[in-house]
Every structure is written in C-alpha cells, then in structure tokens.
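K.L.:
What follows is a single structure, and I will ask about it in a moment.
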Amino acid sequence: MTIWSLCWRRALKAVHVSLSAIWLGAAVCLVLLALPGPRLVGEGIRGITYCMTLIDDFVIIPIATAVVVTGICYGIFTKWGFIRFDWVIVKWIGTLLFIGFGAFFLGPWIDSMDRLARASGAIAFEDPLFFAARQKVILWGAIQTVALCGLVFVSIYKPWGRREDVTPTR
C-alpha cells in the first residue's frame, strides 16, 4: 500500500472536510426550509418544496457520494485504513446509514412534499399527507443533522484508539 505524501494527505483532508461541511450545511437548510408553517401563501409553499428538492438532488446526494469517495481514498492511501481504528468504523457505519436513510426515507418524503405542493398549491398544508411528510422531514432531518454533527466530533476528537486485533498491512 502506498501512503500519500503529506501534501496530498492535506489536500485530501481539505476536500473531505469541506465536502462534509457542505453536507452538514445542506442538511441544516433542509430542516430550516421545512419549518415554515401554514403562514406561507400562494406559490410560497411550492417554492420552498422545490428548493428542498433541489438541495437534496443536487447538493446532498452528490456531496454525500463524494464524501464516501474521499473516505475510501483515506482508507487506501493513509494510515487510518478502514478497520484499524474504532472511530473510523463508527464514521463508516454512520455515513452509510445516513446515506441509506436519506435515500429511502428523507428523499422520498421531500419528493412527496414537492409533489403534493405542486398539485395542491396554497392548500397543501391542509393535506394530511403533506403535513405528515413535513413532520417527518423536520423530526428525522433534525435527528440526522445532529447525528452528522456527532460524526464531525468523532472525526475531530478520535475518541477510540487503534483496534488491538488489527495489524498494520505495511
């Protein structure tokens, strides 16, 4: 295994951290956009749900994918590996769970809100399906955002050391 030079490792770290920050910021934006209640009028509801769909489809999905790609590079080209440290394993499990939850739950709920807002317009808030999807996006989006913050803290503090049963492959 080739370990990248310090310059390349720093560049990889900068890209990985920047992408993670964008993912976290976009997650916060989605929750905040879902918060405005029935006081929105006219096309305001449609505009909010359209923005949420754009953020999900064109920011979160590609950025989360890029975070995984840079994480794979970290695993291959740095000393951290994939399973040498418990904190790295926690980050991998969390990242993949968040991507799966977003793909199978949060994304479809956001798409449902957008579809219902397009069909109903200003009266979307009266639709129980819209209300339920919105409540799920707010609750579970907030939980996932806080959990993403937890992964950031794990990255910074690296709370668990090297796994004893794993030997370096160099």
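The values are calculated or read from the model by the stated rules, or taken from the named source; none is laboratory data. Keep in mind that what you see is a predicted model, and the values were worked out from it rather than measured. Backbone-built Cβ (ideal geometry, glycine too); neighbour counts: all protein chains shown. SASA here: full protein model, heavy atoms, side chains in, ligands and nucleic acids out. Shrake-Rupley method; radii C 1.70, N 1.55, O 1.52, S 1.80 Å.
K.L.:
Cβ-Cβ under 6 Å, sequence separation 6+ or interchain: first residue in the stretch 69-88 and over 13 Å from residue 9 (Cβ atoms), partner assigned to a loop (DSSP other than H, G, I, E, B) and among the aromatic types (Phe, Trp, Tyr). Which pairs?
P.N.:
Listed pairs, sorted by first residue: 86/160; 87/160; 88/80.
K.L.:
Shifting gears a bit: Within the stretch 69-90, track down each residue that is aliphatic (A, V, I, L, M) and open to solvent by 30 Å² or more (accessible area, probe 1.4 Å).
P.N.:
Correct list: 69, 72, 76, 83, 89, 90.
K.L.:
Now a separate question. Looking at the stretch 117-136 only, could you name the residues that are over 10 Å from residue 49 (Cβ atoms) and in contact with a helix residue (DSSP H, G or I) (Cβ under 8 Å, 6 or more places away or on another chain)?
P.N.:
If we filter the stretch 117-136 for residues that are over 10 Å from residue 49 (Cβ atoms), which is where we start, we get 119-123, 125-129, 131-132, 135-136.
If the condition is that a residue be over 10 Å from residue 49 (Cβ atoms) and in contact with a helix residue (DSSP H, G or I) (Cβ under 8 Å, 6 or more places away or on another chain), then 120, 121, 122, 125, 126, 127, 129, 131, 136 are the ones that fit.
K.L.:
Taking the stretch 54-68 on its own, how many of its residues are open to solvent by 20 Å² or more (accessible area, probe 1.4 Å) and under 15 Å from residue 137 (Cβ atoms)?
P.N.:
4
K.L.:
Against the conditions (1) surrounded by fewer than 17 Cβ atoms within 10 Å (Cβ to Cβ); (2) under 16 Å from residue 143 (Cα atoms); (3) in contact (Cβ under 8 Å) with a residue 60 or more places away in the chain; (4) not small (Gly, Ala, Ser), where does residue 101 fall short? Just the number, please.
P.N.:
Condition not satisfied by residue 101: (3).
K.L.:
Quickly run through the stretch 1-50 and pick out the residues that are loosely packed, with under 12 Cβ neighbours inside 10 Å and over 23 Å from the mean Cα position of the chain (by Cα).
P.N.:
1, 2, 5, 6, 7, 37, 39, 41, 42
K.L.:
Ok, one more. Could you list all residues from the stretch 111-162 that are open to solvent by less than 70 Å² (accessible area, probe 1.4 Å), charged (D, E, K, R) and more than 18 Å from residue 31 (Cα to Cα)?
P.N.:
127
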